[in-house]
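These notes concern the structure reproduced below.
The values are calculated or read from the model by the stated rules, or taken from the named source; none is laboratory data. Remember, it's a predicted structure, so these values are computed and weren't measured experimentally. Here the Cβ is made from the backbone with ideal geometry for all residues, glycine too, and neighbour counts use every protein chain on show. Remember, those area values only see protein heavy atoms, side chains included, never the ligands or the DNA or RNA. Shrake-Rupley method; radii C 1.70, N 1.55, O 1.52, S 1.80 Å.
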Amino acid sequence: MNATYMTGSYSVFDITGPIMVGPSSSHTAGAARLGKIARILAHNSVKKVTFQLFGSFAQTYKGHGTDKALLAGILGLNPWDLGLRDAFSLAEKQNVEYIFEPVTKPTQQGWENYHPNTVRFLITSENGEVFDIVGCSLGGGKVRIISLNGILVNFTGESPILVTRHYDGPGIIAAITSILYQDKVNIGNMRVDRKRHSTTADMYLELDSDVTERVVEEIQKIPGMLNVILLQRINEDQSLNNIE
Amino acid sequence: MAEFWMSEIIKECARQRISLAEYIIRGECENSGSTREQVIEKMGKMLDVMSSAANGGLEAPIRSNSGLTGGAAYQYHQYIGQGSSLLGTVMSSAVEMALSCSEVNAAMGRIVACPTAGSCGIVPAAVLSVGVSHQKSREDMVMALFVATGVGMVIGEHATLAGADGGCQAECGAAASMAAAAVVNLMGGSDEQALHGAAIALKNMLGLVCDPVCGLVEIPCIKRNAIGASTALVSADMALAGVQSYIPFDEVVTAMYAIGKQLPAELRETGRGGLAVTKTGLAMYETLFGTPMSL
Ligand code: SF4
């Protein structure tokens with residue numbers, strides 16, 4: 001593609017934007033966005049959550065409202081929702097239990113080494129399912145999910161990802177890719193991960209274009225499929241329009 | 001293709017016979033796939049949020065989330081109301097609006113990061129104080145914001161916009177530079193004049209360190225926003241008079257980055273140098289976190 005206008009690496013609304021609740025784009029807005037993505041990854045159902053905080057998050061989370069922002073995100077609020085301030089009482093109303101755990105000692109997985117602003121969500125959903133999600137706040141409100149249930153991922157919200165857990169067996173991966181192929185969805189990045197002593201495998205797919213819920217349903221029907229999570233591209237412009 | 005420097009962009013604007021604001025808008029359309037209307041409307045949304053933040057702290061005192069600061073915007077607003085201000089209408093309203101935005105930010109209110117949350121008061125204060133007092137249209141103010149954004153994009157590209165990388169010159173300095181360019185544009189100055197304003201403002205902020213007390217975006221950030229806005233207005237005023245920066249904008253950006261690299265980590269947002277480790281700064285830390293800072 002031949003661009004007519006130079007733009008450099010920042011978009012207009014990276015510089016003037018985002019619209020957010022203060023005080024810090026990395027410690028507040030990014031934290032809220034991470035919480036929101038973690039909630040979506042946990043199928044929008046959170047009964048209990050432990051926030052393990054690393055690096056600068058562990059040090060300054062109170063003053064920057066990182067705790068309120070993470071919790072607000074988990075409750076489904078956006079980084080610009082004024083409700084961020086009242087996240088604690090909101091959680092109480094919705095009966096969501098939460099614990100903040102600043103981690104200052106090195107961990108076995110070394111989460112503290114990924115980025116100075118890192119958080120690990122340990123979520124129990126309404127029906128008892130457990131999710132383990134790790135994300136970093138990169139600055140300027142931008143975020144990246146780096147691990148989902150032990151699988152290393154790279155999700156920033158800019159392109160969709162599909163994560164599946166299935167019984168390990170021949171043909172399953174081919175079945176998934178052929179369903180995507182039928183919808184002309186190209187795969188940008190793919191990783192399969194099988195834990196030792198486990199009969200299940202996790203697959204992580206980064207997609208070049210959006211997929212429909214129908215694709216997810218098709219994949220769900222593949223014999224041996226346990227769980228399918230589709231993370232849609234996050235388009236916040238739509239909900240921004242509702243700000244008065 | 002040429003590099004994303006202002007000198008190159010201005011050449012392209014001349015070749016295509018369009019303004020800097022128009023160039024930035026078209027670049028965004030091409031990049032994001034949005035229409036011109038959508039891009040302009042989204043910037044209008046930014047202006048709306050800026051305007052509520054610029055007024056949110058004036059009518060009643062607000063406290064920060066940490067409890068460390070608050071009430072300055074209200075206090076200053078009262079003082080202007082009594083007719084006591086030494087400054088003219090434009091400058092004094094810029095000061096109160098910058099204080100308001102920054103206090104709203106510290107109180108977990110809604111702001112527009114521009115270019116960062118810590119420096120969120122400077123561009124709104126400069127654009128709105130001039131825009132309101134000179135009865136500029138909403139469209140004019142939105143266009144001025146695109147000029148400011150273009151300046152910020154070049155600073156981000158060739159230097160940095162993060163206090164953690166370049167000190168406060170990268171946040172409040174970049175914001176003052178953006179704001180100066182916006183004001184020149186808003187008052188009908190040329191794009192060349194806008195860049196002189198941007199260069200003059202950034203030159204004045206060179207070397208400014210990032211040393212927030214308790215690591216929080218409050219002390220000295222809130223007052224730096226007020227004075228950053230005044231730097232922008234003074235710089236824009238000179239540029240509008242035809243005064244030029246001897247050092248071109250792009251070269252000032254290069255200097256800013258080099259200076260940022262030379263700053264020790266203590267003075268880059270770690271809260272471990274400068275004002276943060278003064279006797280009072282350390283005492284605030286101990287009160288807030290319950291333990292003395294381990295240095
Ligand atoms: S002192 Fe640091 S935290 Fe405060 S506004 Fe400046 S760069 Fe941001």
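Would you check if residue A:65 is over 30 Å from residue B:35 (Cβ atoms), within 7 Å of chain B (Cβ to nearest Cβ), in contact (Cβ under 8 Å) with a residue 12 or more places away in the chain and among the small types (Gly, Ala, Ser)? Yes.
Would you be able to say whether some residue in region B:94-101 is open to solvent by 40 Å² or more (accessible area, probe 1.4 Å) and farther than 22 Å from residue A:28 by Cα?
Within region B:94-101, not a single residue is open to solvent by 40 Å² or more (accessible area, probe 1.4 Å) and farther than 22 Å from residue A:28 by Cα.
For region B:251-274, the count of residues that are more than 16 Å from the ligand (Cβ to nearest atom), of a type in the set (Phe, Trp, Tyr) and either part of a strand (DSSP E or B) or modelled with pLDDT of 95 or more (or both) is zero.
If the condition is being more than 7 Å from every other protein chain (Cβ to nearest Cβ) and without any contact (Cβ under 8 Å) to a residue 60 or more places away in the chain, then region A:1-27 contributes A:1, A:2. Within region A:70-106, the set of residues being part of a helix (DSSP H, G or I), open to solvent by 80 Å² or more (accessible area, probe 1.4 Å) and either within 11 Å of chain B (Cβ to nearest Cβ) or of a type in the set (Asp, Glu) (or both) comprises A:85, A:86, A:92. Quick check on residue B:30: is it part of a helix (DSSP H, G or I), away from chain A (no Cβ under 11 Å), of a type in the set (D, E, K, R) and over 30 Å from residue B:218 (Cβ atoms)? When the stated conditions are applied, residue B:30 does not pass them. Which one of B:61, B:115, B:124 is more than 8 Å from chain A (Cβ to nearest Cβ) and in a loop (DSSP other than H, G, I, E, B)? After applying the criteria, what remains is B:61. Scanning region B:120-166 for residues that are among the acidic types (Asp, Glu) and within 14 Å of the ligand (Cβ to nearest atom) yields a single hit, B:165.
Taken over region B:216-234, residues that are within 13 Å of another protein chain (Cβ to nearest Cβ) and either crowded, with 24+ Cβ neighbours inside 10 Å or more than 12 Å from the ligand (Cβ to nearest atom) (or both) amount to 6. The sole residue among B:244, B:169 that is away from chain A (no Cβ under 14 Å) and either aromatic (Phe, Trp, Tyr) or away from the ligand (no atom under 16 Å from the Cβ) (or both) is B:244.
Here the condition is being open to solvent by 10 Å² or more (accessible area, probe 1.4 Å), in contact with a helix residue (DSSP H, G or I) (Cβ under 6 Å, 6 or more places away or on another chain) and within 16 Å of the ligand (Cβ to nearest atom); of B:195, B:202, B:206, it holds for B:206 alone.
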